[in-house]
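The values are calculated or read from the model by the stated rules, or taken from the named source; none is laboratory data. Quick caveat, the model's predicted, so the values are computed rather than measured. Note: ideal-geometry Cβ built from the backbone for every residue, glycine included; neighbour counts use all protein chains shown. Heavy atoms of the whole protein, side chains included, go into the accessibility calculation; ligands, DNA and RNA do not. Shrake-Rupley method; radii C 1.70, N 1.55, O 1.52, S 1.80 Å.
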Amino acid sequence: MMVRTRVAPSPTGDPHVGTAYVALVNYLFAKQHAGRFLLRIEDTDRVRSSDAAETVILDALRWLGLQWDEGPDVGGPHGPYRQSERLQRYAVAANELLSDGHAFKCFCSVERLEELRQEQRKLGIPPGYDGRCLTLTAGEAAQAEAAGTPFVVRMKVPREGSVVIDDLLRGEISFEWRTVDMQVLVKSDGWPTYHLANVVDDHDMEITHVMRGEEWISSAPKHKLLYEYFGWTMPKLAHLPLLRNPDRSKLSKRKNPTSILFYRRMGYLPEALINFLGLLAVTPVEGEEMMDLATMVARFGLEHISLGGPIFDVAKLDWLNGRYLRERLDLAAFEQRVRDWALNESYLGAIAPLAQPRIERLSDLGPLLSFFFAGRIDVDVAQLRSAKLDDASLRKAFVLALAEVDALALWEAGAINAAFGRIADVLGKRLREVVRPFYVAIAGRAQSVPLFDSMQILGRDLVRERLRNALDLLGGATAKEQEAWRRELSANGAAARQAAEVQA
RNA sequence: GGCGCCAUAGUCUAUCGGUUAGGACGCGGCCCUUUCAAGGCUGAGAGACGGGUUCGACUCCCGUUGGCGCUACCA
């Protein structure tokens, strides 16, 4: 049987390096076995998914050199490869489960479910659905449905006995069925949840091996049960360790740059980044850690994956990237990379109009624009603290700005400007007072080219990093402070919206 | 709280019952060098703890501790 693996990103945000790692492992495994590697878009979260995010993720994975054989852009015999285009298929599958008695309609309100969970937690018993709607007669269910009560479809899960999951990396993992929740399969809007869509698609797309993040281990029993309900063979499973922050928590953008875009923007070469990630799944021979994709395909082995979650070690990435820069590129190729990185027409084209009105000699350009060609910049804390903001307001301003950086749907100067307007409101200050330290944080000095345009051009990732750096220099903010301040911001936003509605 | 996963230097790892516990990043020193890098040589640095099993445990088993994940009509 031909090996078929997949990576199944959810287009709900920036392309994550963890996704790249999982994609790489699936790619290496497939290629080593002369199989096929596919890409599927899991966009069943209607609220958070976006076409823009999908485009960016595909682009980022392509940049890394991971070529998929089947996918939403290249097609293939098992399409469509986008879950939002397969809704009919899931509806059929859900009805099958319903009529076979493997699933049931649940009319419980979210409030009841929430109370239930709190109660269960208090009692120290496994949290999960209590099966109330399981006792509904067909008549009662039909009545509720006719009355227009919203419902979800849940899978039935045995309340007794246990189940064993075979994991290629961890061996047998067993669970008591009573600790497995009666998972929602179809949401009240009719869309499937990940669990349903994922099982149906992996089967339809003839996936033979599922290599996915460790966070899915506890869902595996549900998935296994679904395969049984459908009468399908389950793919082999391997749960990969999660990449970690230096403090060992799961790699997260709050603490670290996690976006592939960030690493590209910082000037890491794709071959270095992929090599670095590959080091977590390939044991180098004779100490030589520099390997191209083809070499990694040859040497890859699931048994080389250590189960302890590896810290994303930027220092080692830096070293590897340096080697690629000086050992694998001749001067011409190097020059070309530099051009592609930031000395290209579109980047220069964006920057030039900001600089032109502000210089007297072309040689002023260097000091004025150097921050556009840097990753992290040196910031003088004293300058950061200048301005009319007291220390608490200053830190608050940066916390709020960080929140806005994550929240903004569109990364564009006008939207950024509006965001800073909101921040000024919350602080009860004028925009110009609030904005001053941000010039220092972003451009390295208080006088520079327009801030919001600069931020747009630098990109969300670099901006987030510079703001975080500035906040750290100011002493940081406690989790408590951050939470309270962020809440103020969203309350203020809600109030503003309300006012606007009243006016309209 | 419940369930599950994990555990060799600061970090990434090798070892798959018998090794002076090997390598890489980082860090220190020396050499090379107009500077700085790079490069070469070199140094410090590890089996969380407690019980077993065994002639012999980093390696197998149990417990403790610690880290992590899941605990949603998110994936």
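List pairs: first residue in the range A:288-303 and closer than 18 Å to A:A238 by Cα, second residue modelled with pLDDT of 95 or more and part of a helix (DSSP H, G or I) anywhere in the structure, Cβ distance under 7 angstrom, at least six positions apart or on different chains. Once the first residue is closer than 18 Å to A:A238 by Cα and sits in the range A:288-303, its partners that are modelled with pLDDT of 95 or more and part of a helix (DSSP H, G or I) give A:V297/A:L28; A:V297/A:K31; A:V297/A:Q32; A:F300/A:L28; A:F300/A:F29; A:F300/A:Q32.
Residue-wise test of (1) surrounded by 21 or more Cβ atoms within 10 Å (Cβ to Cβ); (2) under 30 Å from A:A342 (Cβ atoms); (3) among the acidic types (D, E).
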site	(1), (2), (3)
A:V434	yes, yes, no
A:F438	yes, yes, no
A:V463	yes, yes, no
A:D472	no, yes, yes
A:G475	no, no, no
A:E483	no, no, yes
A:A491	no, no, no
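A count restricted to the range A:195-210 and to residues that are within 14 Å of RNA strand B (Cβ to nearest atom) and not acidic (D, E) stands at 7.
Each residue in the range A:436-461 was checked for being more than 14 Å from A:A413 (Cα to Cα), modelled with pLDDT under 95 and out of contact with any Ser or Thr (no Cβ under 9 Å at 6 or more places or on another chain), and 2 pass.
Can you give me the number of residues within the range A:114-143 that are under 16 Å from A:T179 (Cα atoms), of a type outside the set (G, A, S) and not in a helix (DSSP H, G or I)? Final tally of qualifying residues: 5.
For residues that are free of Cβ contacts under 8 Å to residues at least 40 places away in the same chain and open to solvent by 80 Å² or more (accessible area, probe 1.4 Å), scanning just the range A:148-173, find the one that is farthest from the chain's Cα centre (by Cα). Here the residue is A:E160.
Only residues that are open to solvent by less than 30 Å² (accessible area, probe 1.4 Å), near RNA strand B (Cβ under 6 Å from one of its atoms) and either within 11 Å of A:L269 (Cα to Cα) or part of a helix (DSSP H, G or I) (or both): list them for the range A:309-335, please. Within the range A:309-335, no residue meets the criteria.
Would a scan of the range A:351-358 turn up a residue that is closer than 30 Å to A:D51 by Cα and over 29 Å from the mean Cα position of the chain (by Cα)? Yes. Is there a residue being in a strand (DSSP E or B), surrounded by fewer than 20 Cβ atoms within 10 Å (Cβ to Cβ) and touching a residue at least 24 places away in the same chain (Cβ under 8 Å) anywhere in the range A:76-83? The answer is yes; a qualifying residue exists. For the range A:178-213, the set of residues classified as assigned to a loop (DSSP other than H, G, I, E, B), open to solvent by 10 Å² or more (accessible area, probe 1.4 Å), under 21 Å from A:D45 (Cα atoms) and touching a residue at least 60 places away in the same chain (Cβ under 8 Å) consists of A:D189, A:G190, A:W191, A:T193, listed by residue number.
Of the residues making up the range A:277-288, just one is at pLDDT 95 or above and either within 8 Å of RNA strand B (Cβ to nearest atom) or open to solvent by 30 Å² or more (accessible area, probe 1.4 Å) (or both), namely A:L279.
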